[in-house]
Amino acid sequence: MKIKLLPAIIAAAGFLTAPFALAATYQSEISVSYADIDSDAGADDIYAAAVEGKYYISPVDTSGHPLAEAAFLEKASNIYVTAAVQQWKDDGFHADVYERSVGIDFFVPNSLFYLGAGVREDKYQTKYSADTTNGASAITFGRSWDSEWFVKAGITPIDGLLIWSEFVEDSDISEKWNINGKYVVALTGEQALNIEASYENSDEYFPAEAWSGAVDYYIDRHLSVGGGFTHSTFENEGLNRGEDATDYFIRARNYFTDNIGVELGYVDGEHEDSLTLGASIRF
């Protein structure tokens, strides 16, 4: 893993330990992340960056909750916008993949029901430089923005538990379906556990099946450490990467105040490793 991300981590940690005004509630949040990726795919340099802006319909009360889970535990409905880019670089090769989305998460008041909806878009551009050794000309190709809508539906049978499924445009539920769960349970004092799991079955593309699970332990309201895995199965073994794959990850998050936080994650994968640094600020 490249170490050029470490100065940014140290700088961010030093900056974010400075004092900020505390806030028991917030209504807006901006999050950013940057990932440095080592891949078996052949590209020397792979980077990814993302930003998300979120506005909650009502102020989120953080009192008595882990700060990272306050909005979830308060069933805070919100609207959000995201944008992301991934860049691949190698000798004579450059590729950019762009993604953006807008959506809403809505917890129906005084009920068990959760609904979500939104639109995702993506595009890519690939460039091959001219090769003077064989006279090949430069090549550029790509695809303009392509969009798809999605909807989510779920239930919250008990406090701290959400079970939901997501449905995507032009995907038949008999060919592609998923089930997801998240449960935050309080322990003694300020300690808590966050447990996440998901399963997807698809006959449209490989992988045919995917499982994931994660657990975060909140030492107190501010600090959590956790880890998990993702496992995918592939139907067509003749394809590149056409085998089962399991990735493991660890992550940590700390809120230095009620409205400033950073997180760090590392993925040890069968086909790529990545180091991710994130930060968020709340208003």
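The values are calculated or read from the model by the stated rules, or taken from the named source; none is laboratory data. Quick caveat: nothing in here was measured; it's all calculated off a predicted structure. Note: ideal-geometry Cβ built from the backbone for every residue, glycine included; neighbour counts use all protein chains shown. The area values use the complete protein model at the heavy-atom level, side chains included, leaving out ligands, DNA and RNA. Shrake-Rupley method; radii C 1.70, N 1.55, O 1.52, S 1.80 Å.
Quick notes
- Based on the reciprocal of the average 1/r between different C-alpha atoms, the Kirkwood radius for the stretch 61-177 equals 17.8 Å.
- Within the accessible area of the stretch 135-186 (1.4 Å probe), percent carbon and sulfur: 57 percent
- Rounded to the nearest whole Hz, the Karplus-based 3J(HN,Hα) values (6.51 cos²θ - 1.76 cosθ + 1.60, θ = phi - 60°) of the stretch 245-262 follow the sequence 9, 10, 10, 10, 9, 10, 7, 8, 9, 9, 9, 6, 9, 5, 10, 10, x, 10, with x at glycine and proline.
- Summing charges over all other residues whose Cβ lies under 13 Å from the Cβ of I79, with Lys and Arg as +1 and Asp and Glu as -1, gives -2.
- Hits among aspartates and glutamates - C-alpha to C-alpha of K127 under 14 Å, sequence gap 8 or more where chains match: D90, D91, D96
- Rolling a 1.4 Å probe over the heavy atoms of the protein chains gives the stretch 144-221 an accessible area of 56 Å² per residue.
- The GluC sites (Glu not before Pro) of the stretch 184-230 that meet both conditions, a loop assignment by DSSP and at most 13 other Cβ atoms within 10 Å of the site Cβ, are E204.
- Hz values of 3J(HN,Hα) by residue in the stretch 116-123 - Karplus curve (6.51, -1.76, 1.60), Gly and Pro given as x: x, 7, x, 10, 10, 9, 8, 8
- Rolling a 1.4 Å probe over the protein heavy atoms leaves R120 with an accessible area of roughly 80 Å².
- A cut-off of 5 Å between modelled amide H atoms, ignoring neighbours fewer than 5 places along the same chain, links A117 with I104, K152.
- Put simply, when 107-118, 66-77, 257-268, 24-35 are sorted by average Cβ atoms within 10 angstrom per residue, most first, you get 66-77, 257-268, 24-35, 107-118.
- Cα-Cα over 25 Å, subset of K89/K182; K123/K182; K152/K182: K89/K182; K123/K182
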